[in-house]
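Trainee: Have a look at this one before I ask anything.
Bear in mind these aren't lab numbers, they're just calculated from the coordinates by the rules spelled out. Just so you know, these numbers come straight off a predicted model, no measurement behind them. Every residue, glycine as well, gets a Cβ built from its backbone with ideal geometry; the counts of neighbours run over all protein chains shown.
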Amino acid sequence: MPLLALLIIVGVLLFFGGRFIVSTLHKRRLLRRPLTADQRAMIAACVPLSRRLPAQLRPRYEGKINLFLDQVEVFGYEGVEVTEAMRLSIAAQACLLIAGTTAWYDSLRTILLYPSAFRSMQKRREGYVIRERNQTRLGESWRYGPVILSWQHSREGAEDADDGKNVVIHEFAHQLDGLSGDVNGVPTLAQGQSFAQWEAVFLDAYTRLVADVARGTRSVIDGYGATNHQEFFAVCTEVFFERPTDLKAEEPALYAQFSTLFQMDPAAW
Ligand SMILES: [Zn+2]
């Protein structure tokens with residue numbers, strides 16, 4: 001190999017290797033850094049659920065919020081002016097899901113905020129035909145980003161920490177689900193968590209919800225969860241964080257699987 005070609009290859013390797021090391025060190029620094037007193041106060045005020053987080057989870061939680069704020073840009077649509085409090089609110093809700101584990105929203109770079117519910121064109125394949133439907137949405141999660149949210153519903157969802165409804169937790173459950181490669185209700189499970197058990201418990205509870213919806217029986221899990229497996233996972237995640245004792249009472253096996261997945265026990269907080 002000519003010397004010049006060798007030098008170019010070594011140069012390219014050094015360049016990308018150097019960039020990788022700098023970015024890894026930067027990430028590590030952010031993950032270790034605690035939030036400021038002002039940031040803590042803002043998060044405690046706008047995301048009351050975060051105040052319940054056990055002390056041993058706080059360092060990782062705060063580090064991930066730092067990393068989130070560094071990696072993800074939040075853009076306002078239709079007149080929304082994005083403030084520090086709004087960015088903190090979204091980051092603090094999104095990071096609740098990953099405060100107990102090493103999971104990370106690797107590919108997420110962008111969040112779009114609408115003032116309220118927004119219209120979105122949905123494409124759906126029916127046989128050989130693609131149909132388009134204009135739907136009103138509170139949130140949307142794309143496999144490789146972005147996450148699109150109604151700010152009004154994101155704010156209200158955080159303010160009421162006990163109603164089992166939280167659009168930010170819902171959309172980030174889809175993001176988490178997608179980290180396994182597909183958004184299909186099967187996230188990357190915790191180390192040692194049995195897939196066979198997860199699947200059996202998940203499908204059992206899903207079938208029960210579908211039957212409840214058909215009969216008109218109310219469940220702690222919102223009927224929207226009966227749409228498909230990925231919506232079931234997202235809706236159950238909302239309930240796991242916001243009505244954990246009710247979920248544990250009604251679906252103990254499902255609660256235990258979610259508790260292992262998230263490495264958390266919100267019913268005990
Ligand atoms: Zn959904």
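Trainee: In nm, to one decimal, how far is the modelled label at Thr102 from the one at Asn228, with both set 7 Å along Cα→Cβ?
Mentor: 3.1
Trainee: May I ask you to derive the FRET efficiency for Gln197 and Asp162 from their Cβ-Cβ distance with R0 = 35 Å, giving the value to the nearest 0.05?
Mentor: 0.75
Trainee: While we're on this one: Using a Cα-Cα cut-off of under 20 Å, which aspartates and glutamates could be cross-linked to Lys123, ignoring same-chain neighbours fewer than 8 residues away?
Mentor: Lys123 reaches Glu132, Glu140, Glu171, Asp182, Glu231.
Trainee: Would you work out which of Leu254, Phe75, Ala211 lies farthest towards the positive end of the dipole of the chain? Charges go on Cβ: Lys and Arg +1, Asp and Glu -1.
Mentor: Of the options given, the answer is Phe75.
Trainee: Take Phe240, Phe195 and order them by how many other Cβ atoms sit within 10 Å, fewest up front.
Mentor: Listing Phe240, Phe195 from fewest to most nearby Cβ atoms yields Phe195, Phe240.
Trainee: Quick one: length gained pulling Val10 to Tyr77 fully straight, 0.36 nm per residue minus the C-alpha distance?
Mentor: Taking 0.36 nm per residue and subtracting the Cα distance, the gain is 19.6 nm.
Trainee: Given an 8 Å cut-off on Cα distances and at least 6 residues of separation, report the relative contact order of the stretch 184-269 as a percent.
Mentor: 31
Trainee: Along the three principal axes, how long is the stretch 94-158 when you take its alpha carbons, biggest first, rounded to the nearest angstrom?
Mentor: 43, 27, 17
Trainee: Taking each full run of DSSP H in the chain as one helix, which ones are at least 27 Å long along their axis (Cα atoms) and have mean Kyte-Doolittle hydropathy of at least 0.0?
Mentor: Membrane-span-like by this rule: 3-32, 195-215.
Trainee: Here's a follow-up. When the distances between all Cα atoms of the chain are binned every 10 Å from zero, what whole-number percent does each bin get?
Mentor: 6, 27, 33, 20, 8, 4, 1, 0
Trainee: May I ask you to compute the full-extension gain from Ser180 to Arg119, defined as 0.36 nm times their residue separation minus their alpha-carbon distance, rounded to one decimal in nm?
Mentor: Residue separation times 0.36 nm, minus the Cα-Cα distance, leaves 19.1 nm.
Trainee: What does the C-alpha gyration tensor say about the overall shape of the stretch 30-179? Classify as rounded when a/c is under 1.5, otherwise prolate if a/b is larger than b/c, or oblate.
Mentor: Prolate.
Trainee: Also, I was wondering about something else. Testing the spin-label approximation: label points 7 Å from Cα along Cα→Cβ at Ala256 and Glu132. State their distance in nm.
Mentor: Label at Ala256, label at Glu132, 4.9 nm between them.
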